[in-house]
Structures are given as structure tokens and as C-alpha cells.
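Below is one structure, written out as C-alpha cells; the observations come after it.
The values are calculated or read from the model by the stated rules, or taken from the named source; none is laboratory data. Predicted model only: the values in this text are computed from it and were never measured. Backbone-built Cβ (ideal geometry, glycine too); neighbour counts: all protein chains shown.
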Amino acid sequence: MSSETVKRILVSLLLLMGSCALADQFVDLPVCGDASLYVPPIASPGPAAAPRACPLPTARTYEPRHRGLGYEILMLESQACFVPDESFRLLDSLIDQARDSLAARPNREADWQEQARATFTVLGATLVDNGFQLYVPTETLGDALASRTLAGGGRHIADCDTSAFLYLSVAESLSLPMSMVEMRLPDGESHDYLRWTPGNGPALDWDTNGRAQCRTPSGLPAWQGRSLSRDEVLGYATLLRGESWQKRGDFDKALADYRTGVRLYPLSPKGQNNLAWIIASTAAFKTPALQAEAQAAAQRAVALEPSANGLDTLACVKARSGDFAGALAAEERALVLKPGDPDFAARKHRFTALPAKDCTEL
């Protein structure tokens, strides 16, 4: 008997015993977020996959049946960019289809790992059957559910977080032990995937972009690779809405959403950074209380993730309070991590100019 045959037998036995941790010593699962995982259908860049236009609000005539996480996120988004009834109707349909498929599958009393894989597979297939194609980035759940005409018969788009919202909507309706997980990819981009955790034992991770099981990399900072609570997911969605407000120039609403977002999801370095940045870069936000708030948020962001972007924000916060020596020191640290960045270099020049300038009016 060959060593490979022995390995396959051992793996099968371990999986039957429900021991993921030991099985992973023999099975090379791809790392969550690995682009080699991504599978068709994949939407092509272009106008058909662009963020949707925001229609004028109209009176609602559809009464959503499933008022769980997906519904709450759509209602949250709709305050910034009206989500029409058709999107709520599609959300209900996706949940119903997935529930029906899960109820009809054989061997429903399988062990938890088989149940997890079967559930994730059914949910992914439900999206594909309804014309969803992978598209990074899909900015909002409303963008994901909007009707489109895509190559290959595609009708909708989704990426890691918007598809996670859809999976979680089904899971919540069935009280399944599924949660969203956030991590940082090697290129600096954020990535979200899902985790199935039965009780306090082992877990199974799943990448929705690849519709496949994956593994969380070892040695991640404390804020990464952890299962998010429902409130943290809502905080995540609120922070996304804050970005929408900021892009439109509605800084007061963006500031309010960033505050709410970090209250619900305080371990989000991006959320803390965005809160600090909008205060440091907006001329109207100039009170001592706001400056103190920005300083605290920037320090939390850098403590969670000492990135070049976080240090750049910290530099601008210090400059806004008149501490240009501290601003220069922070900006130089940012440039060590990201040498030659033109924006960082330009801000460093502002801090050393006569007179020195902060990061407003950029």
C-alpha cells in the first residue's frame, strides 16, 4: 500500500471523527482569500458591473418576509441610496430557495463537517443559479441584488462581503452556527470569509469567492481571523455606508456612521482610521473635542494595525492640532513602510513648509 493511499485513508478516518485540526495536517487547504480559489462565473469589468444609480425614493408596496440581517443591511443602505422593492423581493426569494434546497437534501443527519460543507455548497449554488457572478469590488448589498445584464447570462454581482451577507441571511433564518470573519490580504486589501462553529469546538472556514473550504492563516494579529458578532457585522455595514456618505461629500452623516460603526465594531482598524481621517481632513470639524476624538481613533487604528495608511492618518491628526513635529515623525514612519508614496511625500512637504499646513483643503 503506497504512502499516498495510507494518507487518504487516515484523512478519511479523521474527518469521520470530526477532527478538523488534525485532518488539516494531512490536507493542504488553500488559505482563505487566495485568488487561486476564485471560480467562475466571474463578471468582467465595465458599465454593466458598475455601482448602481440611486433612484428616487418611492412608497414601498412589497412586504419583506425575512426581516433578518440582510433586510437590516438593505434598510441601512437605503437611507443613503434607495434600495427598491425588487431587491427585497430577491433577497426573500434567495432565502426561500436555499432553505428549500437544504430541507430537501438527503442524509441531513450527517456529522457537522458534512453539514457545514453541504450548507455552504447549497448557498453558493443558489447564488449561481440566480445569475450571480463574482465581481470585486461589489460595494453594497444593494449593488449585489440590483438587476444587470452581464456576459454569460449573469444578472447580479457579489464579492466576499456582500455574498457573506447573503449566506448569513439564510443561516440566521435557520439558526445555523455561521459567522463572518475578516482578515487582511498580503496586498493590503481586506477580505471576508465565513466560519461554521458548532459549539465551542473546532471550526470550518469557507471562502465564498471560491465556493470552497479554506484555512485561516496562522500568526494573524488579534483583530483578524476572528468570528464577528452580529453587531460587529452591522457595524461593518454601517462603516461602508459612512464611506458612501463621504464620497458624496455629506461629511456630517459620514462622521455619524463612522462613530456608530466603531461603537459596534471597535476592533476595525479601517473604521477607526476613517473616523480619525474625516475629522483630520475636514475643515469644518475643528473643535477641541473633535480633535481629541480623532487622536484617540487614530491611536487605536495604529495599535490594531500599524500600517502606512494608519500612520499617515495619525500624522494628519497631529498636524490638525498644531503638532507638526509629531506629524512629521508619523509621516516619516509611514514613508518607511511605503517608500516613495506621492501622497505621503506631499503631506510631509506641507508639514515642513513655512507656514506649516495640515491635511485640510487637499
Is it the case that the stretch 214-224 has a residue that's in contact with a helix residue (DSSP H, G or I) (Cβ under 7 Å, 6 or more places away or on another chain) and either part of a strand (DSSP E or B) or of a type in the set (A, V, I, L, M) (or both)?
yes
Condition first: surrounded by 18 or more Cβ atoms within 10 Å (Cβ to Cβ) and free of Cβ contacts under 8 Å to residues at least 40 places away in the same chain. Can you find one or more residues in the stretch 194-213 that meet it?
yes
Of all residues making up the stretch 175-188, the number that are over 15 Å from Val31 (Cα atoms) and either in contact with a Leu (Cβ under 7 Å, 6 or more places away or on another chain) or at pLDDT below 95 (or both):
4
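A quick yes/no check of all residues on (1) under 17 Å from Thr162 (Cα atoms); (2) under 19 Å from the mean Cα position of the chain (by Cα); (3) of a type outside the set (Gly, Ala, Ser):
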position	(1), (2), (3)
Ile73	yes, yes, yes
Ser87	yes, no, no
Leu90	yes, no, yes
Asp100	no, no, yes
Gln115	no, no, yes
Ala118	no, no, no
Leu127	yes, yes, yes
Phe132	yes, yes, yes
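Among the residues of the stretch 301-321, write down those that are over 22 Å from Asp187 (Cα atoms) and either assigned to a helix (DSSP H, G or I) or touching a strand residue (DSSP E or B) at 6+ places or on another chain (Cβ under 6 Å) (or both).
Let us first name the residues in the stretch 301-321 that are over 22 Å from Asp187 (Cα atoms), namely 315-321.
Passing the criteria: Ala315, Cys316, Val317, Lys318, Ala319, Arg320.
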Which residue pairs have Cβ atoms under 8 Å apart, sit 6 or more places apart or on different chains, and have a first residue in the stretch 348-361 that is on the phi > 0 side of the Ramachandran plot and not assigned by TED's automatic domain parsing to the domain that holds Leu335 and a second that is aliphatic (A, V, I, L, M) and assigned to a loop (DSSP other than H, G, I, E, B)?
Glu361/Ala283
Would you mind telling me which numbered condition in (1) assigned to a helix (DSSP H, G or I); (2) at negative phi Gly152 fails?
(2)
Mind listing whichever residues of the stretch 33-44 are part of a loop (DSSP other than H, G, I, E, B) and among the β-branched types (Val, Ile, Thr)?
Val39
Output the helices (runs of 4 or more DSSP H) that fall wholly within the stretch 45-149 and possess 1 or more residues being over 20 Å from Val233 (Cα atoms) and touching a Ser or Thr at 6+ places or on another chain (Cβ under 8 Å), or say none.
85-104, 112-129
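Any residue at all in the stretch 173-193 that's assigned to a helix (DSSP H, G or I), more than 11 Å from the chain's Cα centre (by Cα) and assigned by TED's automatic domain parsing to the domain that holds Gln115?
Here is the first cut: in the stretch 173-193, the ones assigned to a helix (DSSP H, G or I) are 173.
Checking the rest, the ones that are also more than 11 Å from the chain's Cα centre (by Cα) come to 173.
Now drop any that are not assigned by TED's automatic domain parsing to the domain that holds Gln115, which leaves 173.
Yes, some residue in the stretch 173-193 is assigned to a helix (DSSP H, G or I), more than 11 Å from the chain's Cα centre (by Cα) and assigned by TED's automatic domain parsing to the domain that holds Gln115.
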